[in-house]
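Report on the following structure.
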Amino acid sequence: MVGDMRQAPLRILWMSDGPQFATGFARVTREVTRRLSERPGIDIACLGWASDGVATNPGDHPIRVYPGSATSNGQDTIESVVADFKPDVLVTLGEFRMVKWLASHGVRKKFKWVGYLPLDGGPFYPPWAVTLREMEEIIAMSHFGRGVLQSGVGSREIRMIYHGVDCEVMKALPNRQEIKTHPRFRGKFVVGCIARNQWRKNIPALVQAFSLLVRRYPDLHLYIQSASSSTGYDLPELLKRYELQGCADLAAPNYSVTNGLSDSQMNELYNLFDVTVLPTCAEGFGLPLLESMAAGVPIVATDFSACSELVRGHGELAAVKTIITLGESLLDQAIVDVEDLARCIEKLYLSPELRQQYGQAGRAFAETLSWDRLMPQWLDVLSKVSGVDL
């Protein structure tokens with residue numbers, strides 16, 4: 001392949017959501033590829049899923065982005081992209097269902113394959129082994145995910161690299177009360193949620209828990225940053241069902257994965273919240289949890305999958321009421337106990353001291369996971385798989 005005496009740059013192709021989108025995969029793509037592009041000896045490009053026809057601002061993301069369609073996860077363009085860019089290494093950030101086609105594709109042998117895999121449930125699904133055998137390096141993004149993968153591949157090494165956060169951007173603001181000057185938020189305790197509108201995020205559980213609390217504490221206000229309806233729930237109708245008009249708000253109607261908030265706007269939104277809640281059924285990681293911690297905001301999340309290891313000691317974990325098995329891969333997913341979710345929110349509402357304690361602990365934890373501090377792990381993986389000392 002390549003050796004330590006190589007003069008040409010190591011060519012890395014990163015394949016995932018296009019970096020211009022408002023998704024977790026896109027965030028990771030932006031942050032990691034930008035930093036890799038700044039390293040000597042690396043030439044990096046991105047094959048961006050669903051980015052065909054969607055503009056990318058070079059000032060926001062300076063590396064080359066090859067467009068891909070919304071439905072193929074790269075299958076329609078991988079051959080032409082590989083022929084043009086000639087990558088030494090391909091890094092895929094996506095679920096098994098998104099990348100399994102690559103294992104049998106004709107271009108597979110033209111590069112080394114690093115699979116960065118989100119595992120939000122288990123147990124290990126045996127057909128995954130076919131895809132994993134084709135990967136030179138396998139990376140999980142949580143200890144939970146690594147455990148699931150390790151159980152299916154025996155003694156083979158599974159690396160784990162967490163997602164990160166830019167603690168210079170995501171941080172507590174000194175004017176948090178000024179952010180609440182809008183009449184909807186003035187004097188209110190704001191319960192916030194930032195999540196894709198997907199069934200897996202289980203937003204109805206948060207709405208139900210909030211409806212139990214707001215009757216007792218009328219100064220509560222719910223804010224959900226999510227597209228009002230896409231592949232998930234009809235959120236406006238959901239709020240009406242629980243009679244939350246006047247004490248709950250949604251993102252602007254034009255908010256979508258192609259029309260998201262800037263980083264500074266996202267940080268202001270976190271600073272609007274008194275507590276961030278993620279009632280999810282399962283998470284491969286959960287970036288809003290880490291970004292909320294960086295902003296010094298305490299969190300509540302379901303005690304399952306990656307949430308447990310991120311939140312424990314930095315927030316409240318709501319009990320799981322039952323486990324259900326879903327999808328082609330037969331993954332176990334958690335249904336949060338709505339009453340316990342409400343109890344966790346109430347506990348933080350009633351204790352400013354606990355909120356401050358979790359806010360400080362969360363910020364300290366987030367600082368250990370800055371994107372810059374994680375980059376040596378990526379350089380180590382790429383050095384090992386390529387044979388090039390980076």
Practice problem: Starting from the Cα of ARG312, move 7 Å in the Cα-to-Cβ direction to define the label point; list residues of region 143-187 whose amide nitrogen is under 12 Å from there. | Solution: 143-144
Self-check item: 3J(HN,Hα) from dihedral phi, region 112-124, Karplus parametrisation 6.51/-1.76/1.60, rounded to Hz, x for glycine, proline
Solution: 7, 10, 10, x, 9, 10, x, 10, 9, x, x, x, 4
Practice problem: Quick one: which residues, 5+ away or cross-chain, put their amide H under 5 Å from the amide H of THR302? H built at 1.01 Å from N. | Solution: LEU278, THR280, ALA318
Quiz item: What FRET efficiency would be calculated for the residue pair VAL169, ALA8, taking the C-beta separation as r and a Förster radius of 56 Å, to the nearest 0.05?
Solution: 0.95
Exercise. For region 353-377 and region 11-51, compute the distance between their C-alpha centroids and round to whole Å.
Key: 24
Quiz item: DSSP beta bridges in the chain, what fraction antiparallel, as a percent rounded to 5?
Solution: 15
Quiz item: Ranked by Cβ crowding within 10 angstrom, fewest neighbours first, how are LEU326, LEU374 ordered?
Solution: LEU326, LEU374
Exercise. Could I have the simple spin-label model distance between GLU136 and ARG241, label points 7 Å from Cα toward Cβ, reported in nm to one decimal?
Key: 5.0
Exercise. Return the lysines within reach of LYS109: Cα separation strictly under 23 angstrom, same-chain partners fewer than 8 residues apart disregarded; answer none if there are no such residues.
Key: LYS86, LYS100, LYS384
Quiz item: So which lysines pass the test for LYS180, namely a Cα distance under 30 Å, with those fewer than 8 places away in the same chain ruled out?
Solution: LYS171, LYS188, LYS201, LYS240, LYS347
Quiz item: Where is the GNM fluctuation largest for the chain (alpha-carbon springs, 10 angstrom cutoff): MET170, MET135, MET15?
Solution: MET135
Quiz prompt | Interchain or long-range residues, amide H under 5 Å from GLY68's placed H | solution = GLY48, ALA50, SER51, ASP52
Quiz item: Taking a quarter of the surface of the Cα convex hull of region 176-367, what do you get in nm²?
Solution: 10.5
Self-check item: Net charge of neighbours whose Cβ lies under 10 Å from the Cβ of ASP303, counting Lys and Arg as +1 and Asp and Glu as -1
Solution: -2
Practice problem: For every helix of n ≥ 4 consecutive DSSP H residues, a contribution of -39,500 (n - 2.57) applies; sum these over the chain, divide by its total residues, and give [θ] at 222 nm rounded to the nearest 500 deg cm²/dmol. | Solution: -10000 deg cm²/dmol
Quiz item: Considering amide H positions built from the backbone, and no H for Pro or chain starts, which residues 5 or more places from GLN225, or on another chain, come under 5 Å of its amide H?
Solution: CYS193, ILE194, ALA195
Self-check item: On Cα atoms only, tilt of 263-272 relative to the major axis of the chain in degrees
Solution: 30
Quiz prompt | Dipole magnitude of the chain, debye to nearest 20 (Cβ charges: Lys/Arg +1, Asp/Glu -1, about Cα centre) | solution = 80
Practice problem: Select from ALA252, VAL277, MET266 the residue farthest towards the positive end of the dipole of region 176-367; place +1 on Cβ of Lys and Arg, -1 on Cβ of Asp and Glu, and compute about the Cα centre. | Solution: ALA252
Exercise. Sketch the reach of a paramagnetic label on SER151 as a point 7 Å from Cα along Cα-to-Cβ, and name the residues of region 334-348 whose backbone nitrogen lies under 20 Å away.
Key: 334-336
Self-check item: Extent along principal axes [Cα atoms of the chain; Å; largest to smallest]
Solution: 67, 43, 37
Practice problem: Would you tally the net charge around VAL320, using a Cβ to Cβ cut-off of less than 12 Å, leaving VAL320 out, and scoring K and R as +1, D and E as -1? | Solution: -3
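A short reminder: the numbers here are calculations on the coordinates, not readings from a lab. Everything numeric here is computed off the predicted structure, so don't read it as measured data. We place every Cβ from the backbone using ideal geometry, glycine too, and count neighbours over all the protein chains shown.
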